[in-house]
Amino acid sequence: MLNGLWIYKNMSILIFVSIILYIISIVFVITGLFKHNLLPVSSYDTLPSVSIIIAARNEEEYIGNLIEDLVSQEYPVDKLEIIIVNDRSEDETLSIINTAIENYAFIKTVNIKDIPDNLSPKKNALTHGIEKSSGEIILLTDADCRVGKLWTASMAYSVVRQDCITIGFSQVQNEFGTLFEEFQRIDFMSIIFSNAGAAGWEQFWSGTGQNLAFYKRDFFTIEGFTKVNDRVSGDDMYLVQEISKIKGGYIQLDPNSFVNTSSMGTLKGFLNQRIRWSSNAKINFRKAPLFFGFLSIVLIYNSLILLFALLMKSWIIMFCIKLFFDGLVIFLGCKLFSVRTSVIGYLFWAIFQPIYIPVIGLLGLRGKYTWKT
């Protein structure tokens, strides 16, 4: 009897503390979202030279569409350079790149033939591309993305105006598609919006390599990727954290700068991607302790909902609190970036979060995922 009361009392304390910490974390994000403003547009007599770097490995399905978008950019051709790094592709990726090079003088390629011993493939490809570039500003995206005609101008403008790393918005396309696609879309939004909320408090935790812009000189100031050469992924997170420490950061809200990316076609592919992303969480214990704390609170809170769903009814209260506050983040984030999502999609995402987050978090800590090698 006494043991039962002791357990119940301590469980109640655990629930109360976890709820308070979770609410504080989400309120931190929500209030940060209110601190952003869209840059007023002003003219510049001299536009900066821009080098767009894309690392591509076996991307024959997507690279042609991206090239089509890039050659249609409304930016002076004499100020634009596109470097596509062919990272040991075994399909028609290189052939598609070479055809583009024949038609457009501002497209170049770098061919990677071997895997380096001291640097992950993605970081190696990006490093080669940046070293070969001639532009003042480096603009990064992925081979499976689509960009608008004013993407380069918008991202480059914010780098010049703010003199810092610009973190662009990226979204999973197929708005209001299948529930699986909508789950991915909202899940990606939750990551983007959380980072934007933290950035409102001058805490630049991460960004997406699908849409980043920074001065080339800043890349070499932080010594490239040498400090994280043992990490397979996390190149985008590292760039945001390190460059923002010396120059600050800016969240680009201009819809012209937005990037669309494809959803993962299979559940296995989606889970592998998220496990790969979460594998970088533990290095933030030293590099970004506030970010690590936020991730830990989210992981623990969702894990407790899952645990208590099997043991006691308190999980209903915890879930409803999560449903409300997470909904505020999604709603306010959508309003800030002028994007939309569906209520049904959000509810579907919210229901599976307490299962999905603990599984992804634990597997990410183990580092069990596959990568393009």
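Run the simple label-point estimate for Glu74 and Gln173 please: 7 Å along Cα→C-beta, distance reported in nm.
2.0 nm
When the helices in the chain are scored as -39500 (n - 2.57) per DSSP H run of 4 or longer and the sum is shared across all residues, what 222 nm value do you end up with, to the nearest 500 deg cm²/dmol?
-18000 deg cm²/dmol
Would you mind ranking Tyr301, Tyr104 so that the residue whose beta carbon has the fewest other beta carbons within 10 Å leads the list?
Tyr104, Tyr301
At Leu365 and Phe180, where each label point lies 7 Å from the Cα along Cα→Cβ, what is the point-to-point distance in nanometres?
Here the answer is 2.9 nm between the modelled labels.
Multiply the residue separation of Cys334 and His36 by 0.36 nm, subtract the distance between their alpha-carbon atoms, and state the gained length in nm to one decimal.
106.0 nm
Rule-of-thumb check for the stretch 72-148: C-alpha Rg over 2.2 N^0.38 Å?
So the Cα radius of gyration is 1.14 times the expected 2.2 N^0.38 Å.
As I understand it, the value is the acute angle between the Cα axis of helix 289-311 and the longest principal axis of the Cα atoms of the chain; what does it come to in degrees, rounded to 10?
Around 40 degrees separate the two axes.
Within the stretch 243-373, how many Lys pairs that are eight or more residues apart, or on different chains, come under 28 Å at the alpha-carbon?
17
Classify the stretch 50-283 from the C-alpha gyration tensor, please: rounded if a/c falls under 1.5, else prolate or oblate depending on whether a/b exceeds b/c.
Rounded, since a/c falls under 1.5.
Just for the stretch 50-283, what percent of DSSP beta bridges are antiparallel, to the closest 5?
DSSP beta bridges in the stretch 50-283 are roughly 30 percent antiparallel.
Which angle between 0 and 90 degrees, to the nearest 10, do you get for helix 121-132 versus the longest principal axis of the chain when only C-alpha atoms count?
Long axis of 121-132 versus the principal axis of the chain: about 40 degrees.
If you line up the long axis of helix 2-33 against the longest principal axis of the chain, both from Cα atoms, how many degrees apart are they, to the nearest 10?
For 2-33 against the chain, the angle is about 30 degrees.
Mind running the shape call on the stretch 26-118? Use the C-alpha gyration tensor, a ≥ b ≥ c as the square roots of the eigenvalues: rounded below 1.5 for a/c, prolate if a/b tops b/c, oblate otherwise.
Since a/c reaches 1.5 but b/c is at least a/b, the shape of the stretch 26-118 is classed as oblate.
Does a label point 7 Å from the Cα of Ile24, set along Cα-to-beta-carbon, have any residues of the stretch 282-321 with amide nitrogen under 14 Å, and which are they?
In the stretch 282-321, the label zone of Ile24 (backbone N under 14 Å from the point 7 Å along Cα→Cβ) covers 290-291, 293-298.
Bear in mind that the values in this text are calculations on the coordinates, not laboratory data. No experiment lies behind these values; they were computed from the predicted model shown. Virtual Cβ from ideal backbone geometry, glycine too; neighbours counted across all protein chains shown.
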